[in-house]
1. Hey, any idea what the orientation-averaged projected area of the convex hull of segment 37-110's Cα atoms comes to, in nm²?
2. On a 29 Å Cα-Cα criterion, which of the cross-link pairs Lys156/Lys213; Lys135/Lys281; Lys133/Lys202 come out too long?
3. Just for the chain, what percent of DSSP beta bridges are antiparallel, to the closest 5?
4. Please give the residues of segment 182-203, grouped as numeric ranges, whose backbone N is less than 16 Å from a label point set 7 Å along the Cα-to-Cβ vector of Val319.
5. Near the amide H of Asp207, under 5 Å away, which other amide H atoms are found, from residues 5 or more places off or on another chain, if H is placed in the peptide plane?
6. Give me the angle, in degrees from 0 to 90, between the Cα long axis of helix 11-22 and the longest principal axis of the Cα atoms of the chain, rounded to the nearest 10.
7. Can you list residues from other chains, or at least 5 along the same chain, whose modelled amide H is less than 5 Å from the amide H of Phe139?
8. Under 5 Å between amide H atoms, partner at least 5 residues away or on a different chain: which partners does Gln236 have, H built in plane at 1.01 Å?
Amino acid sequence: MTILVTGSAGFIGYFLSLRLLEAGEQVHGIDSLNDYYDVDLKLGRLEQLKGFENFTFEKMDLGDRTVIANLFAQNSFSCVVNLAAQAGVRYSLENPLAYADSNLLGFANILEGCRHSKVGHLVFASSSSVYGKNKKVPFATDDQVDHPVSLYAATKKANELMAHSYSHLYDLPITGLRFFTVYGPWGRPDMAYFKFVDAIAKGNPIDVYNHGKMERDFTYIDDVIEGVMRVMTKPQVKLTQAEADAEGRSTTAPYKIYNIGNHSPVALMDFIASIEQAMDKKAEMNMMPMQPGDVPATYAEVTDLMNDVGFKPSTPLSVGIKKFVDWYKDYYGVA
């Protein structure tokens, strides 16, 4: 049995692939290795995965319909975890078509591949961004999320709708995961925590948006991977209408969405203080207005995740930040 991990050279994709390989699973990884951020970082992650005999990698673009169709025709995947996507809220303001190509067309190609190959379970990455400026906290998966404030968020909401339609029409077991601000070693350089550490290490000022009046539900990478691993082993099943009504579910399809977040939002200024403590160095701050497409706060409700798979993220921010700073210093040779 082989598991397909798309975006396997990405941050979450790398750690998931590593965990699966260490567990003895056969992993087929694909990634476009685009230059949205430092390709050397992606190649560094990939190099570690290539040391496993049970790992196969192909460079390919999700948006290439023929290539993806051939991938599914030539392989038998027991489970597909779709983590490949054009990421980044702010970049979606500059290059919207990249999001249409990867997140919409690319995801449609994955859905088609899973349908025709009768894949046993599709798990896909959504995002806390779909909640937009939701004022109800914590954010629950049954909240209305019809007003995204960035194109990135809109594509992730579209993915959820596309996935549900395939699940409903073809009885395809699908689980979507709304990740909340994932951080940790080998992370993405476009994320705030990475930018902050990099700037502080180089003696440069950091840009603090909305004058620091923001909160995020920071989720450490190990917690995210544990959540994904547990969800992978529990594909959804089709329900009768009576079963759906009893569970308060709005659909009978074998489909469900979970939040994966720390359920403990942290004020941005406290977050910066944690980085300063881990680096033993103060940050010079440029206080800036709110950026277009950004939201003031995120906060995950994780009761369903706990009830269904017996897990919720719990790594303290101080522990996670220390591990990232240690990795950063080692990777970039910072004293």
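The values are calculated or read from the model by the stated rules, or taken from the named source; none is laboratory data. Given the structure is predicted, the values throughout are model-derived calculations rather than measurements. Don't worry about glycine lacking a Cβ; one is built from the backbone with ideal geometry, like all the others, and counts go over all protein chains shown. Note: areas computed on protein heavy atoms with side chains; ligands, DNA, RNA excluded. Shrake-Rupley method; radii C 1.70, N 1.55, O 1.52, S 1.80 Å.
1. Values: hull surface 23.6 nm².
Computed as one quarter of the Cα hull surface, the answer is 5.9 nm².
2. As for pairs spanning more than 29 Å Cα to Cα, those are Lys135/Lys281; Lys133/Lys202.
3. Numbers: 2 of 39 bridges.
Restricted to the chain, the bridges split so that about 5 percent are antiparallel.
4. Zone members listed by number: 183-185.
5. Those qualifying (amide H under 5 Å, at least 5 residues apart or on another chain) are Asn286.
6. For 11-22 against the chain, the angle is about 60 degrees.
7. Here the answer is Tyr299, Ala300, Glu301, since their amide H atoms fall under 5 Å of that of Phe139.
8. HN-HN under 5 Å from Gln236: Ile174.
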